Amino acid sequence: MKINYTYLSLNKSRTLILMVLILLSFVFLLSIISCKNNHKQVEIFGIIENAENKEIYLEMLLPGQIKPLVQTEINEKGEFKFELDSLQTCFYRLKIDERNTIYLRLNPNDEIEINASYPNIQANYSIDGSEESKNLKELNMYLMKSTKRLNEINDQIVAAYKIPNYDVDSLIEVLNVEARAMYKNDKEFLINFIKKHNESVIIYFALYQYVSISPILIIDQDIEIFQFVLEELKKHNPEFEQIALLESEISKELLRQQQFNREYGKLEIGKPVVDFDLPDINGNRVSLSKFKNQKIILAFWSSWNKVSLNAVLGLSKKLENQDVVLILIALDNAKDKWETAVKNNFLEKHINLSDLKAWESPVAKIYAVKSIPSFLLIDENQNLVAISDDYNEIIDNLNKN
């Protein structure tokens, strides 16, 4: 028999390729299995003296809530251990009770050892295996001193009230000076802490620190540092889940400040007025431009101001036979009181609007309303005809046109 070496060679090549592919597939599968089996769990372990047989909990700190994860019992030697298979990007805490907690920042593959003595473990614990958790300890230890001193100040004042003829007011004045200086130092510490650790997510945690029951950084007063934290988190930790929450909080505050700080509009007789859009008493949106080609009177009032309510009622009566649209804009913040005032005084026949922001309403500033009642007469082309706090002047101008 004649052997075809060409065919044999081709057949061997195909067999070899097939074997290589099978081998590669096996190696790939083995690597996946190996990764799963060898995935190093996060471990938290250590010894807490004087806490034998007590329960210890690991909790996850989420915006607005604390989620229990696992718990175990500290053994007779004071030893405990937790193991986690997966992590969510947030902060954690160990807790025996509310007075004995340790805050942690966990990362994959961390092996964290904690040693402490119960009670008051916050003041004496040591931690190894997590730099970010060490930094949280530094933060906590500093602010604990301030909290302790503030509680001592409060105790001093309470004790002073029990002493007959003691000059408590003078004591309070002295202690308030100390408390204000302490607050200033705590704020400087937090800002420096944030700037020092700007590449870590712990700067988010630092934003929301308290001394006793008082927050140190407040968004309406310290918006710049909140914005700094947001930008640094986006830059260095874009996957951090709390970024969206912080961004929303900052946006709302900036909008509030913009509305509050907006300059009062400059109204000129004969010039067009600015359009607006407000909800009516049924929740429907109403804009001024809807009433083009009609004469309009805007009346700013509120249910809590009887003078303005009486003025609106007087104006409403005088307009019974007039061809004019009366738009009542209430500077209220309680919908039920506004609705009750409208219904009880039979004002439903007019246009009733309010964003329930009282004096913070942007419309009040657009129309330079600094007191109520306030009335504006607007012609068919939406030009300002007259402005006054006396509706009789508005009626006189209406009759002239």
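Readers should treat all values here as calculations from the given coordinates under stated rules, not as data from a laboratory. Keep in mind that what you see is a predicted model, and the values were worked out from it rather than measured. In this analysis, Cβ positions are derived from the backbone assuming ideal geometry, glycine residues included, and neighbour counts consider all displayed protein chains.
Taking the Cα-to-Cβ direction at Met144 and at Glu249 and moving 7 Å from each Cα, how far apart do the two end points lie in nm?
Taking the two extended label points, one gets 2.4 nm.
Against the longest principal axis of the chain, how steep is helix 131-161, in degrees 0 to 90 to the nearest 10, with axes from Cα atoms?
Approximately 50 degrees, to the nearest 10.
Please get the size of the charge dipole for the chain, origin at its Cα centre, with Cβ charges of +1 on Lys and Arg and -1 on Asp and Glu, quoted in debye to the nearest 20. Intermediate values should be presented prior to the final figure.
Details: 46 positive and 57 negative charges, 271 e Å.
With only Lys, Arg, Asp and Glu charged at Cβ, the dipole is about 1300 debye.
Sum -39500 (n - 2.57) across every DSSP H segment of at least 4 residues in the chain, then divide by the residue count to get the 222 nm mean residue ellipticity, nearest 500.
-14500 deg cm²/dmol
First measure r as the distance between the Cβ atoms of Ser214 and Val168, then evaluate 1/(1 + (r/R0)^6) with R0 = 35 Å and state the FRET efficiency to the nearest 0.05.
0.95
What does the chain give for Rg and for Dmax, in Å, if only its C-alpha atoms count?
When restricted to Cα atoms, the chain yields Rg and Dmax of 34.7, 128 Å.
Once fully extended, how much extra length lies between Ile157 and Asn53, figured as 0.36 nm per residue of separation less the alpha-carbon to alpha-carbon distance? Present the calculation step by step, with values, prior to reporting the outcome.
Details: separation 104, 0.36 × 104 = 37.44 nm, distance 3.99 nm.
33.5 nm is the gain from fully extending Ile157 to Asn53.
Rank these for me by crowding, Phe228, Phe80, going from fewest to most other beta carbons within 10 Å.
With the sparsest Cβ surroundings first, the list reads Phe228, Phe80.
If I stretch the segment between Asn107 and Ala123 completely, what's the gain in nm (0.36 nm per residue apart, minus their alpha carbon distance), one decimal?
Full-extension gain reported as 3.4 nm.
Once both axes come from the Cα atoms, what is the angle between helix 335-344 and the longest principal axis of the chain, in degrees from 0 to 90, rounded to 10?
It works out to around 30 degrees.
What do you get for chymotrypsin sites (Phe, Trp or Tyr not before Pro) in segment 300-401 restricted to DSSP loop and a cutoff of at most 16 other Cβ within 10 Å of the site's Cβ?
Phe346
Which distance in nm do the two modelled labels at Asp336 and Asn392 give, with both placed 7 Å along the Cα-to-Cβ direction?
In this crude label model, Asp336 to Asn392 measures out at 3.9 nm.
When the C-alpha atoms of segment 277-400 are aligned to their principal axes, what extent does each axis show, in angstrom, from largest down?
38, 26, 26
Check which residues have an amide H placed less than 5 Å from Val42's amide H, if you skip close sequence neighbours.
For Val42, whose amide H was placed from the backbone, the distant partners under 5 Å are Leu84, Asn109.
Counting other beta carbons within 10 Å of each Cβ, put Ser86, Ser200, Ser117 in order, fewest first.
Fewest to most other Cβ atoms nearby, the residues stand as Ser86, Ser117, Ser200.
What FRET efficiency comes out for the pair Lys195/Lys370, r = Cβ-Cβ distance, R0 = 45 Å, nearest 0.05?
Calculated value: 0.60.
For segment 315-369, run through the trypsin sites (Lys or Arg not before Pro) and keep only the ones in DSSP coil with at most 13 other Cβ atoms within 10 Å of their Cβ.
Lys349
From the square roots a ≥ b ≥ c of the eigenvalues of the alpha-carbon gyration tensor of segment 160-222, which class results: rounded (a/c under 1.5), prolate (a/b over b/c), or oblate? Intermediate results must be reported in sequence, preceding the final value.
On the way: a/c = 3.82, a/b = 3.22, b/c = 1.19.
Since a/c reaches 1.5 and a/b is larger than b/c, the shape of segment 160-222 is classed as prolate.
Helix 243-261 versus the longest principal axis of the chain: what is the Cα-based angle in degrees, 0 to 90, to the nearest 10?
Value to nearest ten degrees: 20.
For a quick check of your reading of the filter: which GluC sites (Glu not before Pro) in segment 347-401 sit in a DSSP loop and have no more than 11 other Cβ atoms within 10 Å?
Counting only loop positions with at most 11 other Cβ atoms within 10 Å, the GluC sites (Glu not before Pro) in segment 347-401 are Glu348.
Rounded, prolate or oblate, given the Cα gyration tensor of segment 137-261, with a/c below 1.5 counting as rounded?
prolate
First measure r as the distance between the Cβ atoms of Asn284 and Ile223, then evaluate 1/(1 + (r/R0)^6) with R0 = 35 Å and state the FRET efficiency to the nearest 0.05.
Given R0 = 35 Å and the Cβ-Cβ separation, E is 0.55.
As I understand it, the dipole of the chain uses +1 on the Cβ of Lys and Arg and -1 on the Cβ of Asp and Glu, about the Cα centre. Which of Trp301, Phe80, Pro272 lies farthest toward its positive end?
Of the options given, the answer is Pro272.
Please list 3J(HN,Hα) in residue order for segment 307-316, calculated via the Karplus relation 6.51 cos²θ - 1.76 cosθ + 1.60 where θ = phi - 60°; whole Hz, with x for glycine and proline.
Result, ordered by residue: 4, 5, 5, 5, 5, 5, 5, x, 5, 4 Hz.
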